[in-house]
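A.B. asks: The structure that follows is given in the form of structure tokens.
The values are calculated or read from the model by the stated rules, or taken from the named source; none is laboratory data. Please read these numbers as outputs of a predicted model, since none were measured by experiment. Here the Cβ is made from the backbone with ideal geometry for all residues, glycine too, and neighbour counts use every protein chain on show.
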Amino acid sequence: MARPRKFEGEIITFEKILNAARLEFADQSHAARLEDIGKRCGLTRTAILHHFGSKKVLLDAVFEQAVNNASARVLRVAQANEDNYAETIRSIALALRQLEKDEPGTSAVVAHVLLTKPVVEPLKKIFQDLLGLITRLVIKAGGGQHHSHDLIRAAIAHIFMGELNRLALGTQAQDYWGEADPLMPILNHFFQLPTL
């Protein structure tokens, strides 16, 4: 994927656009308008296009940033807990939840892009790499004791895609999931983790 142009001194503007776009795409999906993104960050449509070239390039950059930020957080918490299998798995889940709190709209943007038909292959690969990273870290931490590697990857994809959608729905998630928070009990049960 072509990277947007970024010049010295424009990094703050670049980040302002990405943050505004993340929020607008989270609210409006592909219907988000560059004018509305511009209102969120105090720039014109033309200024946004100067940095990104098109709305599609901007959406791709927001998605890539979201998944890269998730990968960085996953690596950081996994390294901090690499000697503790249970804490590695729990910390990864909590790190992804914290990303949504720190950067609202991240989950919705990722969900929107993954639900787009056809999924853009480079973006699909970035997300598959994140799931692969989580799988490898869980296996390295001892997660392969009870299940095959293929089953672990499938479970991680299932659990974290469900959590991604729950986070993307925000307060509406209660309409589907109810008041309970099953993430940790599901992880504890599948990975046979000791209860806290």
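A.B. asks: Right, His149: under 19 Å from Ser71 (Cα atoms) and at pLDDT 90 or above or not?
C.D. replies: No: the conditions fail for His149.
A.B. asks: Would you mention how many residues in region 157-179 are within 19 Å of Pro104 (Cβ to Cβ) and either under 19 Å from the mean Cα position of the chain (by Cα) or surrounded by 18 or more Cβ atoms within 10 Å (Cβ to Cβ) (or both)?
C.D. replies: Summing the residues that are within 19 Å of Pro104 (Cβ to Cβ) and either under 19 Å from the mean Cα position of the chain (by Cα) or surrounded by 18 or more Cβ atoms within 10 Å (Cβ to Cβ) (or both) in region 157-179 gives 12.
A.B. asks: I'm told Ile89 meets every condition in (1) within 21 Å of Val74 (Cα to Cα); (2) out of contact with any Gly (no Cβ under 7 Å at 6 or more places or on another chain) except one. Can you identify the failing condition by its number?
C.D. replies: (2)
A.B. asks: Any residue that is outside any helix (DSSP H, G or I) and out of contact with any strand residue (DSSP E or B) (no Cβ under 8 Å at 6 or more places or on another chain) - is there at least one of those in region 91-104?
C.D. replies: Scanning region 91-104 turns up at least one residue that is outside any helix (DSSP H, G or I) and out of contact with any strand residue (DSSP E or B) (no Cβ under 8 Å at 6 or more places or on another chain).
A.B. asks: Would you check if there is a residue in region 46-69 being in contact with a Lys or Arg (Cβ under 6 Å, 6 or more places away or on another chain), touching a residue at least 40 places away in the same chain (Cβ under 8 Å) and either under 30 Å from Ala93 (Cβ atoms) or assigned to a loop (DSSP other than H, G, I, E, B) (or both)?
C.D. replies: Looking for residues that are in contact with a Lys or Arg (Cβ under 6 Å, 6 or more places away or on another chain), touching a residue at least 40 places away in the same chain (Cβ under 8 Å) and either under 30 Å from Ala93 (Cβ atoms) or assigned to a loop (DSSP other than H, G, I, E, B) (or both), one finds at least one in region 46-69, hence yes.
A.B. asks: Look through Arg90, Arg136, Arg45, Arg73 and report the one residue that is more than 15 Å from the chain's Cα centre (by Cα) and under 17 Å from Leu167 (Cα atoms).
C.D. replies: Within the list Arg90, Arg136, Arg45, Arg73, the selection yields Arg90.
A.B. asks: Of all residues in region 105-128, count the ones that are part of a helix (DSSP H, G or I), surrounded by 20 or more Cβ atoms within 10 Å (Cβ to Cβ) and not aromatic (Phe, Trp, Tyr).
C.D. replies: 8
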